[in-house]
């Protein structure tokens, strides 16, 4: 047989089991080649897994799993040619026909590459959630699926701090609006989204400043507070 990673000839006596394709065992000529194959699979790009843990996520990760395994095989491995032949009939068809399994009961190389790959996809999902401003959703992934309890706690604590800070800013903004009212002045704030002129005077409330009356976009209360501090100084 040939090593699935480097292509070198090897026998079952010295080879290391890595995965099976259509219930046919695939071997590496050494533990080093087995580890290199696995690392190449785990390094496959997973950033585009999205921001939702749903059926679409499951389907997409399954596709990526197949692509990662095929990509990591030696260029002359017959499984690669078979995969690309099946792809002519569509990716779903190819995955139905070809079965890839990584669970090993071989004492020389115990692993479950698929579980590692899946966890890495979940990690990419959680990071995407953080990137789009959904730390609490990310914390659920870290806690329930990845067992990364410290990371989940860290995100929740940060979110609590942000919430407290926002409350403080609203209180501060009320005080600034009271100064505007007491001074009998009117200041003009431009919406950062559309450039519309928002008049801030004696009758303006905090709620009225949260959304632009022209484009309907949300406005950061912190930005308005900073603006008023400058205008009143």
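The values are calculated or read from the model by the stated rules, or taken from the named source; none is laboratory data. This is a predicted model, so every value here is computed, not measured. Backbone-built Cβ (ideal geometry, glycine too); neighbour counts: all protein chains shown.
Could you please let me know if residue 66 is under 30 Å from residue 138 (Cβ atoms) and assigned to a loop (DSSP other than H, G, I, E, B)?
So residue 66 does not fit the description; no.
Does residue 218 satisfy being touching a strand residue (DSSP E or B) at 6+ places or on another chain (Cβ under 9 Å) and surrounded by fewer than 13 Cβ atoms within 10 Å (Cβ to Cβ)?
yes
Would you call residue 53 assigned by TED's automatic domain parsing to the domain that holds residue 136 and either outside any helix (DSSP H, G or I) or crowded, with 18+ Cβ neighbours inside 10 Å (or both)?
yes
Would you mind stating whether residue 35 is assigned to a helix (DSSP H, G or I), closer than 15 Å to residue 121 by Cβ and assigned by TED's automatic domain parsing to the domain that holds residue 139?
Judged against the criteria, residue 35 is not a match.
Would it be correct to say that residue 112 is at negative phi, in contact with a strand residue (DSSP E or B) (Cβ under 8 Å, 6 or more places away or on another chain), buried (at least 18 other Cβ atoms within 10 Å of the Cβ) and in the same structural domain as residue 32 (by TED's automatic domain parsing)?
no
Quick test for you: out of 144, 158, 151, pick the one residue that is outside any strand (DSSP E or B), out of contact with any helix residue (DSSP H, G or I) (no Cβ under 8 Å at 6 or more places or on another chain) and modelled with pLDDT of 80 or more.
From the options 144, 158, 151, the qualifying one is 144.
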